[in-house]
Structure formats: C-alpha cells, structure tokens
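Below is one structure, written out as structure tokens; comments come after it.
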C-alpha cells in the first residue's frame, strides 16, 4: 500500500502537476490575450482613441473646411491628404494594443472616408485606344547636373508637345540644342518653355503676378486642330515653424492663371506645369474648377511626382479643357528633384 501510495503521489507530483500548470498557463494566457476582448471592458476602454478616430474621419470628410487662418493649415492638410491614411494605421495599432472594440468600430468612419476620397486612384483608368497627342511636362531643376541627359530622355518619351519648367539661363542652350533635334518649334520665356513637333503661333507671356516670366501660352496647330497650350511654374510653398505653410504667393498666382485660362477664347486648352499644389488643395480651385486632371481621369494610382527620390505628392500637373485624357503616367527619373509626367490626349471629344 505504501509503495502504491508513493507511486500515485509521484504521478500526481509529476504528470498531474504538469497538467495543472499547463491548464493554469493556458487559462492565464486566455484571460490576458483573448478573454480581454470579451466582456463590457472592451467597450469602455479606448474612448480617447475612438474620439481621435472620429475627428480624423471628420477631417477627411470636411477637409475643405479646415481653416487656413492659422498657417494655411487647411492647404497643408489637403496637400498631403492621401498620407492621412497612415494615421488610420497608427490608431488601429493603438486600438488593438488597448483591446478597445469601441476604437475599432470608430475607425470604420475615417477608413470609409479615406476610401471614398482615394479609392478611385487604385482603379486603373488608363485607356488603350489611339490618341491625338502625347504631352509631357517636367520641372527640370535649375541645379540639374545633366541637362543634356535630361533633354535626351524627354525627347525619347515620344511627346508631341513638351513643357519645361525651371530652366536656368546657364542650361537653356543645352536644352535648345538637344531638344531641337526632335522638336522643330519651340519658345523659352524666362524659365519656362514649350517644345512642339507642330507649328506654334500667338506665343505670349502670361502674367501670374510674380514680377518675372514663369508662365506662357502658345497656340499649337495639330493635325486635329488648334489647341491652346499653357506652360506654368507657380511659386514654391514652404513649411516653416513660425509661419506655417507659406503659400500666399502661390495662391495669388493660381488665381491669375485661372483667370487667364477662363478668358482664353480657345475651345481646347492644355495646362502643363509645376503648380506646387495637389488637386485637393483648395488654393488651386481657380484652375481645377474649370479643368480636368489627366491623372485623375485616366491615370493609374496617385502618380506622385515630388520629391523624385521618394514621391509624396503630385504637384506637377497635366490638365485639359475641351479635350479627353486617354492615359496618364509618370516617366523615369532624371537628374531633377521632380519626376516627369506624360499623358495621351484626344482633341476630338
């Protein structure tokens, strides 16, 4: 009997005790890792996270109402609006770590708002049919170390009309000589220029209130009829600690350019250039309210162009009025800090 008792005790102390430890471990783990999601606590936790999620959804839904009175905060938010989706991810991780069902449900609001705003770019809208024109625009950067290489790359894009911005006086001869082999017609005004395979007329500077030429207009006579082509480089914007998002000069120039386009008698108008703003930025409304973005209408993805090393915003634009975009895309990087962009356009609607 003693021997049997000893055996039973040994079993209890070894096997039985191990099972008991395992049971207690899994029970504790269940209570800590899984059971924490059950019960009323999951709805009481994370109220602050839920409030932040709802505020983010409101910021997406009413982005045009975010005030510009303090440091142009509204324009800054709209410039990088697609990246606001990263805030959803941050809040999602926090909600999971907090085990807050309330925060997770609240996150549906900004998620749906973001998808409503930017779900479209994930659909490839690129057309495959024929087009009347291929156009390209590129801010070539005044500090470009290889202007000839950049010009050669752009000439090889197949563009019928090419617009350049930020052409420095020191680089102008390089672009003229290299692009002149492909484009018979061209005009460089200040730091912006238009190169065309088709004849140009009515070439003039467009006053965008900068004090020196940074915008121009030309009539290009294509095989499908005349089209007014604008090349423009709006003033740069800055993010500074004291003054915030400084964009006053850019906003004034956008208004002047929009007015010039609105009063243009041409039925078909193309705008090519660096607008230093995205299509979401309310400051560009004088332009965007009357023209269509080639990328938005016929592009694939966001088409970010700046900075070229890690594009975060599309501030370079191809826009149309009285014409139809067929496709739009970004071109390979050059020695500029911007990516060039291209679009195929139909002039016969």
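Going by the structure shown, is residue 146 over 28 Å from residue 347 (Cα atoms), out of contact with any helix residue (DSSP H, G or I) (no Cβ under 6 Å at 6 or more places or on another chain) and touching a residue at least 40 places away in the same chain (Cβ under 8 Å)? Spelling it out, residue 146 is indeed over 28 Å from residue 347 (Cα atoms), out of contact with any helix residue (DSSP H, G or I) (no Cβ under 6 Å at 6 or more places or on another chain) and touching a residue at least 40 places away in the same chain (Cβ under 8 Å). When we screen 150, 79 for residues that are assigned by TED's automatic domain parsing to the domain that holds residue 308, on the phi < 0 side of the Ramachandran plot, surrounded by 18 or more Cβ atoms within 10 Å (Cβ to Cβ) and under 25 Å from the mean Cα position of the chain (by Cα), the only hit is 150. Residues that are within 21 Å of residue 331 (Cβ to Cβ) and surrounded by fewer than 21 Cβ atoms within 10 Å (Cβ to Cβ) were ranked within the stretch 285-300; the one that is modelled with the highest pLDDT is 292. Take residue 112 and decide whether it is in a helix (DSSP H, G or I), in contact (Cβ under 8 Å) with a residue 40 or more places away in the chain and in the same structural domain as residue 215 (by TED's automatic domain parsing). For residue 112, the condition - in a helix (DSSP H, G or I), in contact (Cβ under 8 Å) with a residue 40 or more places away in the chain and in the same structural domain as residue 215 (by TED's automatic domain parsing) - is not met. All of 159, 151, 163 fail the test of being under 26 Å from residue 346 (Cα atoms) and in a strand (DSSP E or B), apart from 163. Considering only the stretch 166-193, how many residues are in a strand (DSSP E or B) and either in contact (Cβ under 8 Å) with a residue 60 or more places away in the chain or farther than 18 Å from residue 227 by Cα (or both)? Selection size over the stretch 166-193: 3.
Of the numbered conditions (1) under 27 Å from residue 142 (Cα atoms); (2) part of a loop (DSSP other than H, G, I, E, B), residue 260 fails exactly one; give the number of that condition. Residue 260 satisfies all of (1) under 27 Å from residue 142 (Cα atoms); (2) part of a loop (DSSP other than H, G, I, E, B) except (2). Give the stretch 303-324 a look and list any residue that's assigned to a strand (DSSP E or B) and under 16 Å from residue 273 (Cα atoms), or say none. Of everything in the stretch 303-324, those that are assigned to a strand (DSSP E or B) and under 16 Å from residue 273 (Cα atoms) turn out to be 306, 313, 316, 317, 318, 319, 320, 321.
Is one or more of the residues making up the stretch 91-98 part of a loop (DSSP other than H, G, I, E, B), crowded, with 18+ Cβ neighbours inside 10 Å and not assigned by TED's automatic domain parsing to the domain that holds residue 161? I'd like the intermediate steps shown before the answer.
First pass over the stretch 91-98, keeping only residues part of a loop (DSSP other than H, G, I, E, B): none.
No: the stretch 91-98 contains no residue that is part of a loop (DSSP other than H, G, I, E, B), crowded, with 18+ Cβ neighbours inside 10 Å and not assigned by TED's automatic domain parsing to the domain that holds residue 161.
The values are calculated or read from the model by the stated rules, or taken from the named source; none is laboratory data. Here the structure is a predicted model, which means the values were calculated and not measured. Please note: Cβ atoms are built from the backbone with ideal geometry, for glycine as well, and neighbour counts cover all protein chains shown.
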